[in-house]
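Structure first, commentary second.
The values are calculated or read from the model by the stated rules, or taken from the named source; none is laboratory data. The structure displayed is predicted, hence computed values, not measured ones. Quick reminder, even Gly has a Cβ in these numbers, built from the backbone with ideal geometry, and neighbours come from all protein chains shown. SASA here: full protein model, heavy atoms, side chains in, ligands and nucleic acids out. Shrake-Rupley method; radii C 1.70, N 1.55, O 1.52, S 1.80 Å.
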Amino acid sequence: MRDLPGSATESDGSVVVRVLGYNVRSMRDDVDALARVIRACRPDVVCVQEAPRFFRWRKAAARLARTSGLVYVSGGATASGPMILSSLRAHVERTEDVLLPRTPGLHQRGFATAVLRFGRVRLGVLSCHLSIQDEERYEQGRLLLDRLSALDVPYAVAAGDLNDRPDGRTFGLLADTLQDGWATKPWGREHTTRLGDPPQRIDTVFATPGVEILGCGVPMGLPGIAERDLRTATDHLPVLAALRVPAT
């Protein structure tokens, strides 16, 4: 399997950034396997879903960052699950965790957001895990687009577990405004549900117009990623994207 382009700063000031989206199921599975998968993807930014939210959640988040060779940026319990990690390549300009309106009887949802700087590039980042209920999920899709705009940067990415498929109306709402990574430049495996489960693509990386998607998909077969680790790390498969972001 060919690799994606590596992280780089180009002569015109643009950067290649590797973004990983990963639902880690509250780190209830094999955390060492999870860290091995993340390290093998060599990400600059990781948008985590279902980060630990309860007892000693900060300690668990710090463990995942440390074992993955990354640093904690934002989110976790304060965003009700979504979290952002980054490599030391990124300079953190600002962060904000957002709790979304809650439907009685359903889980609290939120966004973890940050503005990161890579040299002359400023990149907005949003990690999300949308509702299982259609009406609430659609409204959260609208709020996601509003929040990306409110970051007030020329370029941004949103990655997460949408709980919706490409033919769903929330997925469609987002894809009408943002670039769907897999649909724009498919690479690797498409479906993000656990190996052996019914194949679905419910996790994705989106990018705003102007960002060049160099490839996006599940890194099955990437050097350093064992199928056993993908099976034991969590109940979702990761989505990895390489993006070229212009200087600002």
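Here are the numbers:
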quantity: Sole exception among (1) hydrophobic (A, V, I, L, M, F, W, C); (2) under 23 Å from Ile225 (Cβ atoms); (3) over 15 Å from the mean Cα position of the chain (by Cα) for Val157, by number; calculated: (3)
quantity: Odd one out for Ser131 among (1) assigned to a loop (DSSP other than H, G, I, E, B); (2) touching a helix residue (DSSP H, G or I) at 6+ places or on another chain (Cβ under 8 Å); (3) open to solvent by 10 Å² or more (accessible area, probe 1.4 Å); (4) not β-branched (Val, Ile, Thr); calculated: (3)
quantity: Residue count, the stretch 99-128 (criterion: open to solvent by 10 Å² or more (accessible area, probe 1.4 Å), part of a strand (DSSP E or B) and touching a helix residue (DSSP H, G or I) at 6+ places or on another chain (Cβ under 8 Å)); calculated: 1
quantity: Total residues in the stretch 215-235, condition among the polar types (S, T, N, Q) and part of a loop (DSSP other than H, G, I, E, B); calculated: 1
quantity: Number of the exception - Met220 against (1) within 23 Å of Arg36 (Cα to Cα); (2) of a type in the set (A, V, I, L, M, F, W, C); (3) at pLDDT 95 or above; calculated: (3)
quantity: Some residue of the stretch 32-54 being at pLDDT below 95 and open to solvent by 60 Å² or more (accessible area, probe 1.4 Å); calculated: yes
quantity: Any hit, the stretch 202-217, residues being more than 22 Å from Asp167 (Cβ to Cβ), open to solvent by less than 70 Å² (accessible area, probe 1.4 Å) and hydrophobic (A, V, I, L, M, F, W, C); calculated: yes
quantity: Pairs where the first residue, in the stretch 13-41, is on the phi > 0 side of the Ramachandran plot and the second is open to solvent by 10 Å² or more (accessible area, probe 1.4 Å) and not acidic (Asp, Glu), C-beta under 6 Å, 6+ apart; calculated: Gly13/Arg120; Gly13/Ala247; Ser26/Pro52; Met27/Pro52; Met27/Ala60
quantity: Asp32 in contact with a helix residue (DSSP H, G or I) (Cβ under 8 Å, 6 or more places away or on another chain) and over 20 Å from Leu130 (Cα atoms); calculated: yes
quantity: Members of the stretch 190-248 found to be among the β-branched types (Val, Ile, Thr), over 18 Å from Asp180 (Cβ atoms) and in contact with an Asp or Glu (Cβ under 7 Å, 6 or more places away or on another chain), listed by number; calculated: Thr232, Thr234
quantity: Hits in the stretch 142-180 (condition: open to solvent by less than 10 Å² (accessible area, probe 1.4 Å), in contact (Cβ under 8 Å) with a residue 40 or more places away in the chain and in contact with a Lys or Arg (Cβ under 9 Å, 6 or more places away or on another chain)); calculated: Ala158, Leu162, Thr170
quantity: Members of the stretch 59-79 found to be farther than 23 Å from Arg42 by Cβ and touching a residue at least 40 places away in the same chain (Cβ under 8 Å), listed by number; calculated: Ala79
quantity: Of all residues making up the stretch 47-61, the number that are within 22 Å of His107 (Cβ to Cβ) and outside any loop (DSSP other than H, G, I, E, B); calculated: 7
quantity: Evaluation of Thr184 against (1) polar (S, T, N, Q); (2) surrounded by 18 or more Cβ atoms within 10 Å (Cβ to Cβ); (3) closer than 26 Å to His107 by Cα (one fails), failing number; calculated: (3)
